[in-house]
Amino acid sequence: DVQLQASGGGLAQAGGSLRLSCAASQLHLDDYAIGWFRQAPGKEREGVSCIDSSSGSKYYADSVKGRFTISSDNAKNTVYLQMNSLKPEDTAVYYCAAATTPLKLRSGLGDYWGLGTQVTVSS
């Protein structure tokens, strides 16, 4: 069965860094766009970043541009989100999702979703 396993969350200080991983099982990254979403308390789920490994196309929300970097390791079937210069407003549960097209994913329509990993940034 297809599984997406998000990991790497934790507690960080403002200005610090965390690296999230999304390990995909029974899913080839070349066939799917992979994205990261987050949901903070009292807020809607927000698209953070996505990548289409076959084309190399990447997307970042304006709020994280210049601070977060998405990458993929097809050999390990894993997508990463390197988060630098963390801010308290980055605090949220982060989810990874897969969709057959980048447009579908950017519309918030994931075909598969992983369980979230908590990121907490203290000031």
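Overview of values
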item: Difference of contour (0.36 nm per residue) and Cα-Cα distance, Ser55 to Gln82; result: 7.7 nm
item: 222 nm mean residue ellipticity, helices alone, for the chain (DSSP H n ≥ 4; -39,500 (n - 2.57); rounded to 500); result: -1000 deg cm²/dmol
item: Cα-based equivalent ellipsoid of the stretch 10-53: semi-axis lengths in Å, sorted from largest, via gyration tensor; result: 24, 15, 10
item: Where a label projected 7 Å from the Cα of Ala40 along Cα→Cβ would reach, residues of the stretch 56-88 with amide N under 14 Å; result: 62-65, 86-88
item: Extension gain, Leu11 back to Gln118 (0.36 nm per residue minus Cα-Cα distance, nm); result: 37.7 nm
item: Residues Lys65 and Thr101, FRET efficiency given R0 of 22 Å [Cβ-Cβ distance, rounded to 0.05]; result: 0.45
item: Sulfur and carbon atoms: percent of accessible area, the chain [1.4 Å]; result: 46
item: Accessible surface, the chain, averaged per residue in Å² (probe 1.4 Å); result: 51
item: Under 15 Å, Cβ to Cβ, from Asp31 - net charge with Lys/Arg +1 and Asp/Glu -1; result: -2
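The values are calculated or read from the model by the stated rules, or taken from the named source; none is laboratory data. Note that the coordinates shown come from a computational prediction; the quantities given were computed from them, not determined experimentally. Here the Cβ is made from the backbone with ideal geometry for all residues, glycine too, and neighbour counts use every protein chain on show. Keep in mind that these areas ignore ligands, DNA and RNA; they rest on the heavy atoms of the full protein, side chains included. Shrake-Rupley method; radii C 1.70, N 1.55, O 1.52, S 1.80 Å.
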